[in-house]
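S.K.: My structure is below; once you've seen it, I'll send some questions.
The values are calculated or read from the model by the stated rules, or taken from the named source; none is laboratory data. Since this is a predicted model, take the numbers as computed values, not measurements. Note that each Cβ is placed from the backbone with ideal geometry, even for glycine, and that neighbours are counted across all protein chains shown.
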């Protein structure tokens, strides 16, 4: 298929998790603001965000996340207003962190600060060449089991980065082409959920990509969201076991998730949506997926 590329995995890739319970890294929005325009969400919100409200909303997700996971903090740095969107900075699995190579120069300083923290906490860094754009969990995500990757290209992350990132774990990867500039990252329109479900916005993808999604997820496992929910960052959801943390949802979508056996925690994230981010982008997963979803046999 034209939109897919596969890397053959090895037969024995042992899991060496750093953590024995769900663990995330977050960065307080001390310097957050819509100070420039690098995506369509920012275009109408330049200098219209409230740092005080953003901090209150960030503390809301931080507090509820601490109820089910360990949360580590990265010190925010001046000149990095988007550093709060920490999941864009890397993809972490089996103690390896593939560090982002941001498309826009405004975000490139974030990589150095995150890399220092990851190195200090004994992660093996997998660096991406400067000319190969890649934006962490924003555009590449593991399936629920952590055995294969889904990766997006077309807006921020370039397709040639997909094989490079997959090689960090010798993992198969399926490439998806984003065609709507509003959904500039994969996490804005595609999130695998516990139980083999998928939360996604089909119009964000081209036809070959939709065919690849349909082949991987049966119809009864695909939860397609409306444009209303998609533009409220419903798909940018943080999933820990059966609990889904996301922004405000329509009653219809909330019912669909409930019927799928998932518990939904709806959060007020309006300030971060102004900059093009949602719940998932505010926390970088550090624990392996079997730990995160509570499926690892101890």
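S.K.: I'm trying to understand the selection: among the residues of the range 110-124, which are farther than 10 Å from residue 99 by Cβ and touching a residue at least 60 places away in the same chain (Cβ under 8 Å)?
M.R.: 117, 121, 122, listed by residue number.
S.K.: Counting only residues that are within 17 Å of residue 255 (Cα to Cα) and assigned to a loop (DSSP other than H, G, I, E, B), which one in the range 223-232 is modelled with the lowest pLDDT?
M.R.: Among those that are within 17 Å of residue 255 (Cα to Cα) and assigned to a loop (DSSP other than H, G, I, E, B), it is 232.
S.K.: Right, another one. Taking only the range 259-272 into account, find how many residues are in contact with a strand residue (DSSP E or B) (Cβ under 7 Å, 6 or more places away or on another chain) and either under 18 Å from residue 221 (Cβ atoms) or in contact (Cβ under 8 Å) with a residue 24 or more places away in the chain (or both). Break it down into steps so the answer makes sense when it comes.
M.R.: Just the residues of the range 259-272 that are in contact with a strand residue (DSSP E or B) (Cβ under 7 Å, 6 or more places away or on another chain), to begin with: 260, 262-267.
After this cut, where a residue has to be either under 18 Å from residue 221 (Cβ atoms) or in contact (Cβ under 8 Å) with a residue 24 or more places away in the chain (or both) as well, the list is 260, 262-265, 267.
Count: 6.
S.K.: With the requirement that a residue be without any contact (Cβ under 8 Å) to a residue 60 or more places away in the chain, out of contact with any strand residue (DSSP E or B) (no Cβ under 8 Å at 6 or more places or on another chain) and not in a loop (DSSP other than H, G, I, E, B), what does the range 167-222 give you?
M.R.: 203, 207, 210, 215, 219, 220
S.K.: Condition first: touching a residue at least 60 places away in the same chain (Cβ under 8 Å) and more than 22 Å from the chain's Cα centre (by Cα). Now tell me which residues in the range 36-48 satisfy that. Give the steps one after another, and end with the answer.
M.R.: Within the range 36-48, the first condition is being touching a residue at least 60 places away in the same chain (Cβ under 8 Å), and the residues that meet it are 36, 38-42, 45, 48.
Answer for the range 36-48, where residues must be touching a residue at least 60 places away in the same chain (Cβ under 8 Å) and more than 22 Å from the chain's Cα centre (by Cα): 45, 48.
S.K.: Continuing with the same structure: Among the numbered conditions (1) touching a residue at least 60 places away in the same chain (Cβ under 8 Å); (2) within 30 Å of residue 120 (Cα to Cα); (3) in contact with a strand residue (DSSP E or B) (Cβ under 8 Å, 6 or more places away or on another chain), tell me where residue 236 comes up short.
M.R.: Evaluating residue 236 over (1) touching a residue at least 60 places away in the same chain (Cβ under 8 Å); (2) within 30 Å of residue 120 (Cα to Cα); (3) in contact with a strand residue (DSSP E or B) (Cβ under 8 Å, 6 or more places away or on another chain) leaves (1) as the failure.
S.K.: While we're on this one: Residues in the range 34-52 that are within 19 Å of residue 183 (Cα to Cα) and not in a loop (DSSP other than H, G, I, E, B): how many?
M.R.: Pass one, the range 34-52, residues within 19 Å of residue 183 (Cα to Cα): 34, 36-46.
Okay, now just the ones that are also not in a loop (DSSP other than H, G, I, E, B), so 40-43.
Of the residues in that region, 4 qualify.
S.K.: Something else about it: Among the numbered criteria (1) at pLDDT below 95; (2) more than 18 Å from residue 288 (Cα to Cα), which single criterion is violated by residue 145?
M.R.: (2)
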